[in-house]
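S.K.: The structure that follows is given in the form of structure tokens.
Coordinate-derived values only; no laboratory data. Keep in mind that this is a model prediction, so the values were computed, not measured. Every residue, glycine among them, receives a Cβ derived from its backbone with ideal geometry; neighbour counts consider all protein chains shown.
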Amino acid sequence: MIKKYLSILAVTAVATAASFGQGTLVFANSSTTLVRFDNNGTITSVPTSGGFVEFFYAPVGTLAPASNTDLNPAGWTFLDGTTRTISPAGRFNAGTYTVPAIAPGSTVAGLVRGWTGVFANYQAAVAGGAYIGYSSVFTVDTGDPTTVPPGTAAGITSSTPTPFTGIVLTAVPEPSSMALAGLGAASLLIFRRRK
């Protein structure tokens, strides 16, 4: 009988340790790390008609997406549940999250992407011509809930050496503008070859 109880206790301890054996972070910004957008050259902290942000993580050293229209950034993992509404003041607060497969107390690279409007996801925002964008890559020193007492979850704005510093969303380039730019580049190449 005692062996049975000891076995149950051991299994419970392992399961508890496994559930807490991942790093934690706080996905929220501050008054100095706002979501802003570029409105014809004027940077403002109030997104047009609301908007959303999401958090991605990766090993430190992972490259940033090549462009704002990159829907699935290579090497980055979306932290499920972090899609949050941006307040009219450019703030968001999604609370504390456990980062899957990241050791407690370790450092990971972070990336915030956002969009304006009421689009359901980033892909729809890109297709719909919203203001979109990715933040610069930053690092997060995850909290360690396995220590006694449990370590505090790290905030994305307070991690060192490179914290989240905010994000500026820009308008999706119109297809006609991109085509015009492509024609201009092609004509320059042709002109250069003729010389």
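S.K.: Using a 10 Å cut-off on Cβ atoms, rank the peptides 81-87, 41-47 from the highest mean neighbour count down. Walk me through the numbers on the way to the answer.
M.R.: Values: 81-87: 17.3, 41-47: 13.9.
The densest-packed peptide leads the list: 81-87, 41-47.
S.K.: While we're looking at this one, here's another question. On alpha-carbon atoms, Rg over Rh for region 26-108 using Kirkwood Rh?
M.R.: On the Cα set of region 26-108, Rg over Rh gives 0.99.
S.K.: Still on this structure, please answer the following. Grab the other residues whose beta carbon is less than 11 angstrom from that of Ala153, score K and R as +1, D and E as -1, and report the net.
M.R.: -2
S.K.: Looking at region 21-194, I'd like the Rg to Rh ratio, where Rg is from alpha-carbon atoms and Rh is Kirkwood's inverse mean 1/r.
M.R.: On the way: Rg = 18.3 Å, Rh = 17.2 Å.
Reported Rg/Rh (Cα atoms, Kirkwood Rh): 1.07.
S.K.: On full extension of the chain, what length is gained from Ser30 through Ser49, given 0.36 nm per residue of separation minus the C-alpha to C-alpha distance?
M.R.: Values: separation 19, 0.36 × 19 = 6.84 nm, distance 2.04 nm.
Extra length available between Ser30 and Ser49 comes to 4.8 nm.
S.K.: For Thr107, what is the net charge nearby, where nearby means another residue's Cβ is under 15 Å from its Cβ and Lys, Arg count +1, Asp, Glu -1?
M.R.: Details: positive: none; negative: Asp141, Asp144.
Surrounding charge for Thr107 is -2.
S.K.: Within region 95-115, name every residue whose backbone N is under 13 Å away from a label modeled 7 Å from Cα of Phe78 along the Cβ vector.
M.R.: Backbone N within reach: 113-115.
S.K.: A follow-up question, please. Say the dipole of region 21-194 comes from +1 at the beta carbon of Lys and Arg and -1 at that of Asp and Glu; which of Phe78, Ile167, Ala103 then lies farthest toward its positive end?
M.R.: Ile167
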